[in-house]
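The values are calculated or read from the model by the stated rules, or taken from the named source; none is laboratory data. Being a predicted model, the structure only gives us computed values, none of them experimental. What goes into the accessible areas is simple: the full protein's heavy atoms, side chains included, and nothing from ligands, DNA or RNA. Shrake-Rupley method; radii C 1.70, N 1.55, O 1.52, S 1.80 Å.
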Amino acid sequence: VQLQASGGGLVQPGGSPRLSCKASGTSFKFNTMDWYRQAPGKQRDLVATITSSGATNYSDSVKGRFAITRDNAWRTVYLQMNSLKPEDTAVYYCHLFERSTDFWGQGTLVTVSS
């Protein structure tokens, strides 16, 4: 299984970037997919989850601002980030759990700064 994330960069406060994560080596459509983030000096935290049926869940810190979606045909999960704040600055990782193993993307850095 490989996960390839993209879409990070320098964003102004209030910006709305979209992260993408393309999966390979897995059926994908049966996987629950997650986005985590890790801010400098902090632990990696769960941000958003989408199940195979499309049900979603969000951390309180991003609820109402972020949206996780998936496109099974393209084996890609997205994280639409809106109304970004400086405290959203972090490396964002996509994740899936399969065959008793955690698989992680390489991480994409999002820096929110003016």
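Taking a ≥ b ≥ c as the square roots of the Cα gyration tensor eigenvalues, with a/c under 1.5 meaning rounded and otherwise prolate when a/b beats b/c, else oblate, which class fits the chain?
Note, shape of the chain comes out prolate.
Given a 1.4 Å probe, how much area per residue of the range 1-67 is accessible, in Å²?
Solvent-accessible surface per residue comes out at 55 Å².
Under the definition of Cα pairs under 8 Å and six or more residues apart, what whole-number percent is the relative contact order of the chain?
Contact order relative to length: 37 percent.
At a 1.4 Å probe radius, carbon and sulfur cover how many percent of the accessible area of the chain?
Reported share for carbon and sulfur atoms: 49 percent.
Taking amide hydrogens as modeled 1.01 Å from N in the peptide plane, which residues meet the under 5 Å criterion relative to THR89, leaving out close sequence neighbours?
So THR89 has HN proximity to VAL112.
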